[in-house]
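Just below is one structure, and these are the notes that go with it.
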Amino acid sequence: MARKTERYRVEGANSLWKIYDTVSFWKVMKCFIIIQIGRFTPFLRVKNWLYRTFLRMTIGEKTSLALMVMPDTMYPERIFIGDNTVIGFNTTILAHEYLIEEYRLGDVHIGHEVMVGANSTILPGVTIGDGAIVSAATLVHKDVPAGCLAGGNPMQIIYTAEQMAERKRHEIVQWCTPKKQ
C-alpha cells in the first residue's frame, strides 16, 4: 500500500534547492532551534511541552521521546503521537521528503502504547497502529497495523496482532507456572 502523501512537482532544479519556496526560512530556523533543545533535554515533560507549544506537534499524555529523537524540522505539526508511547533513541520522524522532480508531504500518525525502537526512521504518510512494536533500526516505509511487531529494512511484519496476543498468553502461563527444583 502506498504511503499517504501529497505530491508537489518542481521544475528547473531539485526540490531541496527550492526549499524556501515551499516553507519559510524562519519557520525552519525556529523548528531547528526548538528541536535541538528538545533532543538534549532530559526532562520528558519539558520536551513534550516545547514540541506541543512551539512546533504544534500532537503528543499524547505520558509519551516519551528519548534522547536525540529528531522530529521533522519543516512540518512538525504533521506529526501525531498517541498516549503512553515510547519513541526510541535517535529515531527520525519525517513529514516531508524532497526529491529531484517533486517534494512530498504526509501526516505521520503513531498510535497509543506504541514502542518504536532506537535508530528507526519513520517516513511521511505512515500510520503506526495502537499497541504496535517497531524493532530498532527499522525503516518504516508503510503502515504498521495495530498490535503487531514489525522490523527490518525493508520493514516487514514479523508477528501479526493475533500472533503477538498468543505470545503474550504463552509468556503469562510461563510466569505463573511454578518452576521445578
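Whose amide H sits under 5 Å from the amide H of Thr92, counting only residues 5 or more places off or on another chain, with H placed in the peptide plane?
Close amide H contacts, sequence-distant or interchain: Met70, Ser120, Thr121, Ile122.
Quick check: net charge around Val10, other residues with Cβ under 13 Å of its Cβ, Lys/Arg +1 and Asp/Glu -1?
-1
For the stretch 142-181, compute Rh as the Kirkwood radius over C-alpha pairs and then the Stokes-Einstein diffusion coefficient at 37 °C and 0.692 mPa s; write the answer in µm²/s, rounded to an integer.
279
Taking 2.2 N^0.38 Å as the expected size of a compact globular protein, what ratio does the Cα radius of gyration of the stretch 1-75 give against it, to two decimals?
Cα Rg divided by the expected 2.2 N^0.38 Å: 1.32.
Could you derive backbone 3J(HN,Hα) for the stretch 145-151 from the dihedral phi with the Karplus parameters 6.51, -1.76 and 1.60 (θ = phi - 60°), listing whole Hz in sequence and x where the residue is Gly or Pro?
In residue order, the calculated couplings are x, 4, x, 9, 10, 10, x Hz.
Please return the longest stretch of the chain lacking exposed loop sites, where GluC sites (Glu not before Pro) count only if DSSP places them in a loop and at most 14 other Cβ atoms lie within 10 Å. Could the numbers behind the result be given before it?
Details: sites that count: Glu11, Glu61, Glu101.
It works out to 102-181.
Just add up the charged neighbours of Arg45: K/R +1, D/E -1, any other residue whose Cβ is under 11 Å from the Cβ of Arg45.
With Lys, Arg at +1 and Asp, Glu at -1, the neighbours total +2.
Give me the distance between the Cα centres of the stretch 1-20 and the stretch 71-110, rounded to whole Å.
About 15 Å separates the Cα centre of the stretch 1-20 from the one of the stretch 71-110.
Lys pairs in the chain, Cα-Cα under 21 Å, at least 8 apart or on separate chains: how many?
Here the count comes out as 7.
For the chain, what number results from the quotient of the Cα radius of gyration and 2.2 N^0.38 Å?
Compactness ratio reported: 1.15.
Using Cα springs under 10 Å in a Gaussian network model of the chain, which residue among Ala95, Ala146, Ala165 shows the largest mean-square fluctuation?
Between Ala95, Ala146, Ala165, it is Ala165 that shows the largest mean-square fluctuation.
Rolling a 1.4 angstrom probe over the protein heavy atoms, how many square angstrom per residue are accessible across the chain? Walk me through the numbers on the way to the answer.
Numbers: 10400 Å² over 181 residues.
With all protein chains present, the chain gives 57 Å² per residue.
State the percentage of accessible surface on the stretch 4-174 attributable to carbon and sulfur atoms; use a 1.4 Å probe and exclude ligands, DNA and RNA.
Carbon and sulfur together cover 60 percent of it.
Would you please give the residues with an amide H less than 5 Å from that of Thr85, counting only those at least 5 places away or on a separate chain, with H modeled from the backbone geometry?
Thr63, Ser64, Glu113, Val114
Take each uninterrupted DSSP H stretch in the chain, measure its Cα extent along the helix axis, and return the ones at 18 Å or beyond whose mean Kyte-Doolittle hydropathy is at least 0.5.
The qualifying helices are 25-40.
Name the residues whose placed amide hydrogens come within less than 5 Å of the amide hydrogen of Asp107, ignoring near sequence neighbours (fewer than 5 apart) on the same chain.
Gly125
Which log10 I(q)/I(0) values does the stretch 88-181 give at q = 0.23, 0.24 Å⁻¹ under the Debye formula, counting every alpha carbon as one identical point scatterer?
Those come out to -1.11, -1.17, one per q.
Using r as the Cβ-Cβ distance of Gln36 and Cys176, and R0 as 35 Å, what FRET efficiency do you calculate, to the nearest 0.05? Can you show the working numbers first?
Details: r = 47 Å, r/R0 = 1.35.
Efficiency at R0 = 35 Å is approximately 0.15.
List, in order, the whole-Hz ³J(HN,Hα) value for each residue of the stretch 78-87 obtained from phi through the Karplus relation with A = 6.51, B = -1.76, C = 1.60 and θ = phi - 60°; use x for Gly and Pro.
9, 9, 10, 10, x, 6, 6, 9, 10, 10
May I ask for the net charge around Cys148, where only other residues with Cβ less than 14 Å from the Cβ of Cys148 are counted and Lys, Arg are +1 while Asp, Glu are -1?
My count for the surroundings of Cys148 gives -2.
The values are calculated or read from the model by the stated rules, or taken from the named source; none is laboratory data. Because the structure is a prediction, the values reported are computed rather than measured. We place every Cβ from the backbone using ideal geometry, glycine too, and count neighbours over all the protein chains shown. Ligands, DNA and RNA are excluded from the accessible area calculation, which covers all protein heavy atoms including side chains. Shrake-Rupley method; radii C 1.70, N 1.55, O 1.52, S 1.80 Å.
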